[in-house]
Amino acid sequence: QVHLVQSASEVKKPGASVRVSCKASGYTFTNYAINWVRQAPGQGLEWLGWIRPDTGNTNYAQTFQGRLTMTTDTSTETAYMELGSLRSGDTAVYFCARDWGYCTTGSCLFDHWGEGTLVTVSS
Amino acid sequence: DIQMTQSPSSVSASVGDRVTITCRASQSISSWLGWYQQKPGRAPKLLIYAASSRLSGVPSRFSGGGSGTDFTLTITNLQPEDFATYYCQQAGSSPFTFGGGTKVEI
C-alpha cells in the first residue's frame, strides 16, 4: 500500500526558506517521480514541479524557478522540497504526490498524495 | 500555460441527483485530463484519468467524457460521501494546471 508521510507544519518569516519532507513507502521509490502541489487557504491547486528519484532530473514550474529546489534521498526513500525567499503569498498547504507513471514522458497526473504540510509565512 | 476553466464554481444538489461539471482548456489537450475529488482538510483523490477512465475502486456513478478542449465529469445517483470539491487537471503540457474547482454541496 502506497503511503506518503509529510513533515510537520512550519511557520517562517518573509525572506526565509522552508524545507518539507515526504517519506514514501509501499512501492519502488525510484520508479516514480514525486510531485509537489500547493493549495493556499480556501484556494485551488497549483503544481510546483517534479523530481525523478533515480536520476535527480527535475521539472519546475517557471513561476518558481530560482527559488525552488527538489531533492531526494534514495537511502531513506524521502523527497524534499525547499522554497526560498518566502513571501506571504507562499502561505499554503504543500502536498507531495506520486506520479501516475508518465510524468517524465510528458503527461502528469498524481495517483497518491501525502497528507499535506501547512507552511505559514508571517512576520 | 494552459488555462483550465471549470463551471459551475458551486452546485447545490440532493442525494440521488445527477450532477455534471464542465472543464474547458484554453487549447487542445487531447484526452490528457484528470478529475480529482477533495474533501475538507484532506488531500485530493484521483478519480478519472485520460478524460474517461476510472481508477480502480472508483464507483461507476462517476463518469468522465470529452476530448480536445471540452470535458465533463458526471456523478449520477449522488451519495452523501460525494459532497466535496472537484478539480480538473490537464496532464498534457507542463506546467500541469488545475481548474478552479467545483464545490458540490447539499
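Only the coordinates and a few stated rules stand behind these numbers; no lab work does. Everything numeric in this text was worked out from a predicted model, so none of it was measured. Here the Cβ is made from the backbone with ideal geometry for all residues, glycine too, and neighbour counts use every protein chain on show.
Each of A:23, A:13, B:103 was scored by other Cβ atoms within 10 Å of its Cβ. Arranged with the fewest first, they read A:13, B:103, A:23. Comparing A:102, A:32, A:60 in a Gaussian network model of chain A, where Cα atoms under 10 Å apart are tied by springs, the biggest mean-square fluctuation is seen for A:102. Approximating the spin labels as points 7 Å out from Cα along Cα→Cβ, the residue A:88-to-residue B:79 distance works out to 4.3 nm. Okay, which of the range B:51-83 sit inside 14 Å, backbone N to the point 7 Å along the Cα-Cβ direction of residue B:42? Label zone hits: B:58-59, B:79-83. Left without a cysteine partner by the 4.7 Å Cβ rule in the protein assembly as shown: not a single residue.
Averaged over the residues of A:105-115, the number of partner chain Cβ atoms lying within 10 Å of the residue Cβ comes to 6.
Look at the alpha carbon pairs under 8 Å that are at least 6 residues apart: their mean separation over the length of the range B:24-94 gives a relative contact order of 40 percent.
Which FRET efficiency, nearest 0.05, do residue A:30 and residue A:62 yield, Cβ-Cβ r, R0 30 Å? Using R0 = 30 Å, I get an efficiency of 0.65. Between residue A:73 and residue A:115, the simple label model (points 7 Å from Cα in the Cβ direction) yields a spacing of 2.0 nm.
Order by neighbour count: B:61, A:38, fewest other Cβ atoms within 10 Å first, most last. Can you show the working numbers first?
Working: B:61 14, A:38 22.
Sorted ascending by nearby Cβ count, the order is B:61, A:38.
Our note on the geometry: Cα centres of the range B:16-84 and the range A:33-82, 25 Å apart. When the P(r) is computed for the protein assembly as shown, the part past 26 Å accounts for 35% of the Cα-Cα pairs. Here's the list of lysines a cross-link from residue B:39 could span, going by alpha-carbon distance under 28 Å and ignoring same-chain residues fewer than 8 apart: A:12, A:23, B:103. Measuring nothing but alpha carbons in chain A and taking Rh as the Kirkwood radius, the Rg to Rh ratio lands at 0.95.
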